[in-house]
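Step one of this worksheet: look at the structure below.
Any read-out appearing in this document is the output of simple, stated calculations on the displayed coordinates, not a laboratory observation. Computed from a predicted structure; not experimentally measured. Cβ placement follows ideal geometry from the backbone for every residue including glycine, while neighbour counts extend to all protein chains displayed.
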Amino acid sequence: MDQPGRIEVRPIRQMTGTSEFNEVFFDGARARAAHVVGGVGNGWRVAMGLLGFERGVSTLVQQIGFAEELAGVVRQAVASGAVGDPVVRDRLVRQWAELRVMRWNALRTLGSPGAVGASGGAQGDSGGAPSVAKLLWGRWHQRLGELGMAVRGAVAAVGPADWRADAPYELDALQRLFLFTRADTIYGGSDEIQRNIIAERVLGLPREARGPR
Ligand SMILES: Cc1cc2nc3c(=O)[nH]c(=O)nc-3n(C[C@H](O)[C@H](O)[C@H](O)COP(=O)(O)OP(=O)(O)OC[C@H]3O[C@@H](n4cnc5c(N)ncnc54)[C@H](O)[C@@H]3O)c2cc1C
């Protein structure tokens with residue numbers, strides 16, 4: 001951040017009311033050669049290696065948070081009586097079972113050769129494991145957010161009584177989970193992009209058509 005040229009950081013406000021990431025503009029900024037990561041001309045490979053971590057290996061730790069969130073939704077279902085609904089019970093058990101599957105998939109990702117950077121972390125080297133992991137946990141987490149709303153009932157969609165359109169208000173944990181998880185199938189590369197990676201680089205299917213240049 002501290003170098004010749006201008007670096008402008010513009011926070012992006014999310015629908016949860018928080019700003020965890022930014023748009024960053026580089027205007028005539030110059031980095032020192034010693035600060036180049038992975039060698040000049042290798043930026044794409046470095047970026048893809050980083051994203052492979054975000055989609056795959058780093059999510060091993062996420063499992064602990066996911067398990068706690070699921071336990072919170074189960075507690076809410078018991079408290080609200082929603083757990084008596086067989087459809088809700090089915091959805092809760094599915095979430096539990098799929099979390100177990102994700103755990104095994106995360107361990108498999110750890111054990112795959114390209115996943116931990118041995119070959120630069122290129123997606124194609126790791127049998128697409130990071131993309132498979134991202135597809136699994138992104139939608140799983142989003143469904144958990146939806147389930148959290150379902151077990152709370154209609155009141156979950158309502159803000160506080162003194163709500164004003166021009167002022168932020170506190171979301172409770174389940175509302176925050178629901179709103180934030182809308183982004184899980186977007187950041188780190190959207191679901192569609194993960195499917196493209198698996199199709200083209202792992203299964204060897206024909207590349208998607210490119211538009212006219
Ligand atoms: C909460 C959140 C946090 C983020 N954090 C960071 C961060 O820390 N660092 C960072 O660099 N970025 C971050 N991002 C940005 C994120 O990586 C991008 O939003 C994401 O990769 C999607 O790119 P895009 O927004 O340009 O969508 P676009 O590429 O414009 O895509 C729009 C839609 O078109 C679809 N689409 C695009 N291309 C294709 C294709 N070839 N085939 C099929 N469908 C396609 C997409 O799936 C999507 O549905 C974050 C985003 C969010 C929402």
Note the angle between two axes, namely the Cα long axis of helix 86-111 and the longest principal axis of the Cα atoms of the chain, as a number of degrees from 0 to 90, rounded to the nearest 10.
-> 20 degrees
Could you compute the FRET efficiency for His35 and Val83, with r as their C-beta to C-beta distance and R0 at 41 Å, rounded to 0.05?
-> 0.15
Alpha carbon centroid spacing (whole Å) that separates region 1-65 from region 136-213 = 21 Å
For Arg91, Arg10, ascending order of other Cβ atoms within 10 Å (fewest first) is Arg10, Arg91
Name the residues of region 10-53 whose amide N is less than 17 Å from a point 7 angstrom out from the Cα of Tyr187 along the C-beta direction?
-> 10-24, 50-53
Per residue of the chain, what 222 nm ellipticity follows from adding -39500 (n - 2.57) for every DSSP H run with n ≥ 4, rounded to the nearest 500?
-> -16000 deg cm²/dmol
Gyration tensor verdict on the chain (Cα atoms; rounded if a/c is under 1.5, prolate if a/b is larger than b/c, oblate otherwise) | oblate
Could you list Leu107, Leu50 in order of exposure, starting from the residue whose Cβ has the fewest other Cβ atoms within 10 Å?
-> Leu107, Leu50
For region 1-63, state which chymotrypsin sites (Phe, Trp or Tyr not before Pro) are in a DSSP loop and have at most 14 other beta carbons lying within 10 Å of their beta carbon.
-> Phe21
With 0.36 nm assigned to each residue of separation and the Cα-Cα distance removed, Glu146 to Arg45 gains 32.8 nm
Three-way shape label, region 20-100, alpha-carbon gyration tensor, a/c 1.5 | prolate
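So for Ser131, Ser190, fewest C-beta neighbours within 10 Å to most, what's the order?
Ser190, Ser131
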Helix axis angle, 59-80 relative to the chain longest principal axis, alpha carbon, degrees = 20 degrees
For region 1-65, shape from the Cα gyration tensor axes a ≥ b ≥ c, cut at a/c of 1.5 then a/b versus b/c, turns out oblate
